[in-house]
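Nothing in this text is a laboratory measurement; each read-out follows from the coordinates by a stated rule. Since the model is a prediction, treat every value here as computed from it, not as a measurement. Note that each Cβ is placed from the backbone with ideal geometry, even for glycine, and that neighbours are counted across all protein chains shown.
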Amino acid sequence: MEFKLPPAQETAFYNYVQELMHQAILNAEDKVNLNTPWLKGKKQAAKWLGISPQSLAKLMAQGLPVHYLDDMEVVFFNKQEINKYLLAQ
């Protein structure tokens, strides 16, 4: 079965679906931290890189940039710094 919308309704429907898709993509990016330059914790960094925590520890021992907050015992990784480090290897 096929039906045809008038051009104005077709355009409005297209715009509505496009906006829904755009919002869904933004929400998904936020959930996986694609929109932030920082990764909090070793687990998150390892997951983002697609490696094991043990491999991340080896990279850190070899000089992978990491930022520590001593008073909170939290580590942060900057995605741009990670990319730069890996490309230099």
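Select from segment 54-89 the residues that are under 20 Å from residue 36 (Cβ atoms) and of a type in the set (D, E, K, R) and list them in ascending order.
79, 81, 84
Kindly check whether there is at least one residue in segment 46-65 that is of a type in the set (A, V, I, L, M, F, W, C) and out of contact with any helix residue (DSSP H, G or I) (no Cβ under 9 Å at 6 or more places or on another chain).
Yes: segment 46-65 contains one or more residues that are of a type in the set (A, V, I, L, M, F, W, C) and out of contact with any helix residue (DSSP H, G or I) (no Cβ under 9 Å at 6 or more places or on another chain).
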